[in-house]
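See below for the structure under consideration.
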Amino acid sequence: MCKDFILLCKDLDLLGGEEIGIDGAFFNASASDASVITKTTLEKRLTQIERDIDAYHHALETQDAQERGLPEDLSKTPELAAKIVKLQARQAQHGALLTQLADSGDTQISRTDPDARALRKGGQQLVGYNVQNSVDSKHRLIVHYEVTNAGNDTQQLAPQALAAKAVLAVEKLTAAADAGYFNEAQLAECAQANITVYVPVPDYAQGLTAQGRLSGANFQYLPETDVYRCPGKQELHQYGTPHRRAGTGTLYTRYSRPPGACQDCPLKASCLPESGRRQIERSEHAPVVDALRQRMADQGPARMRQRAGLVEHPFGTLKRWFGWDHFLVRGLEKVWGEMSLMVLGYNLTRVIHCGFRANWTAVPRQTGHLFQAKLDSRSEATRGGDAVYAVMGSTVNLGSEAAMMFALGRAAPRRRLNIEKLVMIAPQAFSASAVAPAAQCGQRVN
């Protein structure tokens, strides 16, 4: 339903297909913070339960020895036995949850919404989902969306950019994202798909340079000879066997000089580590990162300002204007469906507010859905107090094969359209390929 409308916007030339902005935002799930338990929390609780059980046993033995001189069987004390049984039940429950986490390979489990996760980013902490949006630059329409429970965006750049490129059906694309999306493997995947990416490159050597030490940026790579040249004009050659870094799987090659070769260098104090041997590691994706660094040096600030104005708008509209900042349903599949409705509502609002005007005929054909929006009495050109409009325009005859005209702009040329009710009409069939548009965009409906 939502994807069909996105494709319709593409056929009506409402999508530029040249540049997109990618961003993610956290949305609360229908679950409380206490419903999510992490592996660390379970281990701490199990440790505390064991201590409590041991403390009960020790206290009873001490009390019995003082009062009677002989320790009694613990099972003969009803109150203590009940407490121990209760603790043992909790111990078994937490142990089962730990086993479940170990089998799933996850680090946390949600008892209310099984797919929700405790997320934390930039000081924001909640139980919910990480929603990804890809927004086209022409009219700020969302062309792709995805609901994930990932705690960060480092693995989201390539999937979102490739999916948006497929929707737009273009040969090349420009994508901009914030620093949280930086990932060398993701950048390389985008480059292979002919997607030009603008993402801030993190400065991992910031702490080193703050100490007055030389970082890897001070070393020049010479691709002709596959060596690095240090600030002292010496060459660092390949050293050891290339290795893949744990966690990312990226292949790295070490470059270094023989031990003791730098002892007489005047830059020794600011260059050599305590081991006495300076090493530089080069990633297999270094050419892609170098190209990105050059692009960001040339156009980075302007691209980031454009990205912020482009992709922050949909989330701001959903959370502040629509008043929607949490999901009402549970489970990833249902949450995805709810997000689809919100994206559809946002895109519909954008189409209306961009003042899209056209006169065209749509012939019912094979598949699709029609929607109708009932405007309240404050809108102009009402018919008998209320006028019924389809998303594609004012309804001529929804129940027959009659055509529909898109005349939202003419219906209320200088007023905001106040939508009172939005309902789906199915199975009215509509084919965007049957549209003969005479569209003109750019005049806003105020």
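Here Y255 meets the list (1) more than 24 Å from A210 (Cα to Cα); (2) over 31 Å from the mean Cα position of the chain (by Cα); (3) surrounded by 12 or more Cβ atoms within 10 Å (Cβ to Cβ); (4) not aliphatic (A, V, I, L, M) almost entirely, failing just condition (1). Looking across A188, A246, A217, one residue alone is surrounded by 14 or more Cβ atoms within 10 Å (Cβ to Cβ) and out of contact with any strand residue (DSSP E or B) (no Cβ under 7 Å at 6 or more places or on another chain). It is A188. If only residues of region 217-271 that are among the aromatic types (F, W, Y) and in contact with an Asp or Glu (Cβ under 9 Å, 6 or more places away or on another chain) are counted, the one that is farthest from T154 (Cα to Cα) is Y228.
Tell me, yes or no, whether region 113-126 has at least one residue that is without any contact (Cβ under 8 Å) to a residue 60 or more places away in the chain, touching a helix residue (DSSP H, G or I) at 6+ places or on another chain (Cβ under 9 Å) and not in a loop (DSSP other than H, G, I, E, B). Looking through region 113-126, at least one residue is without any contact (Cβ under 8 Å) to a residue 60 or more places away in the chain, touching a helix residue (DSSP H, G or I) at 6+ places or on another chain (Cβ under 9 Å) and not in a loop (DSSP other than H, G, I, E, B).
Just one of the numbered conditions (1) touching a His at 6+ places or on another chain (Cβ under 9 Å); (2) surrounded by fewer than 16 Cβ atoms within 10 Å (Cβ to Cβ); (3) of a type in the set (A, V, I, L, M, F, W, C) is not true of A59: (1). Screening K138 against (1) over 19 Å from C9 (Cβ atoms); (2) not in a helix (DSSP H, G or I) leaves a single unmet condition, (1).
For region 145-231, give me every one of the strands (runs of 3 or more DSSP E) that falls completely inside it and has 3 or more residues that are in contact (Cβ under 8 Å) with a residue 40 or more places away in the chain.
Values: elements: 173-176, 195-198, 220-222, 227-229.
It comes to 173-176, 195-198.
We did not get these values from a lab; they are worked out from the coordinates using the rules stated. This is a predicted model, so every value here is computed, not measured. Cβ coordinates were reconstructed from backbone atoms using ideal geometry, including for glycine residues, and neighbour counts include every protein chain displayed.
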